[in-house]
Amino acid sequence: MPEAEKRDIPGCPPPREPTPPQVPLPPNACDTHAHVFGPATAFPYAVDRSYTPPDAPLAKYLGMLDTRLRGVAVADASTPAATLRDWHERGVRGLRFNHFFRGGQLHYRGGVPLDDARKLAGAMRDLGWHMQLWVDVKDLPETAPILAAIGLPVVIDHMGRTDARAGTGSPGFQSLVRLAGEGKAWVKLSGAHRLSLDAPDYPDAKPFHEALVRANPERLVWGTDWPHPRIESAMPDAGHLLDLFTEWTPDAAIRRRILVDNPVALYDF
């Protein structure tokens, strides 16, 4: 690739070293949203990509936490069912789809669009998999009927990846609250640092977290989003994000459900 084209692909800063959480976690607590990147020398990144992540290999992730592992993969409609079955044996339990738009275009090059989920749904259903969706909740009212027609369990990333300035009363976020409340979608209580620019405590993201917990704690999971690729504000501390989760979820029984019991059900541990 010519150097001029390389310069058009923004790089991402590396993650911060996490501080230990202040409150002990229940046994088998799960981080349900993290990324493994590279090393690029062994696993080169796609030429047509939206950003260049820092090397964040599995060994470094395992150094950040001690946990059981399940995977959510990215695959398009051309992926054979036999490949999906092989991935299942290796621990994959879902596929991630991109329905996140900016300026009328999918925001991330190389992401698999939701249309591919229709073609993969049969094989995913046979495996008991879910579809994970990267979507801005402003588009969720129009997207919800599509999800219902596909008929797979769905997990919405990062509390719907809204802008905290839109408020919890926006039609999109209220649509997410209803889906979670009716048990029609799982939601990740992750990405406070993507809703809010007010680091490090993200106070304006707290009402979104609290609204989802009130709606249905049985359909919520939590994640760090480590190593926080393409972050638009200050690089967060994964340990502090966990402390915020504890502070914003004061009921210990609900914390255990979100950190332990719900991931057991969703990821087939």
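Just rank Cys30, Cys12, fewest to most, by other beta-carbon atoms within 10 angstrom. Present the calculation step by step, with values, prior to reporting the outcome.
Numbers: Cys30 24, Cys12 17.
Ranking Cys30, Cys12 by Cβ neighbours within 10 Å, fewest first, gives Cys12, Cys30.
Once amide H atoms are built 1.01 Å from N in the peptide plane, which residues 5 or more positions from Gly94, or in another chain, come under 5 Å H to H?
Ala73, His130
Mind ordering 95-103, 236-244 by average Cβ neighbours within 10 Å, highest first? Don't skip to the end; give the middle numbers.
Working: 95-103: 16.9, 236-244: 20.9.
Final packing ranking: 236-244, 95-103.
With θ taken as phi - 60° and the coefficients 6.51, -1.76 and 1.60, list the Karplus ³J(HN,Hα) couplings across region 199-212 in order, rounded to whole Hz; mark glycine and proline as x.
6, x, 9, 6, x, 6, 8, 4, x, 5, 4, 5, 5, 6
From the backbone phi of region 50-57, what are the Karplus-calculated ³J(HN,Hα) couplings (6.51 cos²θ - 1.76 cosθ + 1.60, θ = phi - 60°) in whole Hz, Gly and Pro given as x?
7, 7, 10, x, x, 4, 9, x
Which whole-number percent gives the relative contact order of region 1-125, counting Cα pairs below 8 Å spaced six or more residues apart?
Working: 112 pairs, mean separation 29.2, N = 125.
After rounding, I find 23 percent.
What range in the chain is the longest one free of GluC sites (Glu not before Pro) that are in a loop by DSSP and have at most 11 other Cβ atoms within 10 angstrom?
Working: sites that count: Glu182, Glu232.
No qualifying site falls inside 1-181, the longest such stretch.
So, in the chain, how many Lys pairs have Cα atoms under 19 Å apart, if the pair is 8 or more places apart or on different chains?
Within the chain, the lysine pair count is 4.
Net charge around Ala144, counting only other residues with Cβ within less than 9 Å of its Cβ (Lys, Arg = +1; Asp, Glu = -1)? Don't jump to the answer; show the numbers that get you there.
On the way: positive: Arg178, Lys184; negative: Glu142.
Every neighbour counted, the sum reads +1.
Over region 214-269, what is the relative contact order in percent, taking alpha-carbon pairs closer than 8 angstrom and at least six residues apart? Please list the in-between numbers first.
Working: 25 pairs, mean separation 29.2, N = 56.
Reported as a whole number, the value is 52 percent.
Looking at region 27-267, what % of its DSSP beta bridges pair antiparallel, to the nearest 5? The partial results should precede the final answer.
Working: 3 of 22 bridges.
Roughly 15 percent of the DSSP beta bridges within region 27-267 come out antiparallel.
Exposure proxy check: Ser78, Ser190, Ser196, Ser50 ranked by fewest other beta carbons within 10 Å?
Ser78, Ser50, Ser196, Ser190
Which residues in region 104-120 have a backbone N closer than 18 Å to a point placed 7 Å from the Cα of Ser78 along the Cα-to-Cβ line?
In region 104-120, the label zone of Ser78 (backbone N under 18 Å from the point 7 Å along Cα→Cβ) covers 109-120.
None of the figures in this text is laboratory data; all of them are computed from the coordinates on show. As the structure is a prediction and not an experimental result, all values here were calculated from the model. Every residue, glycine among them, receives a Cβ derived from its backbone with ideal geometry; neighbour counts consider all protein chains shown.
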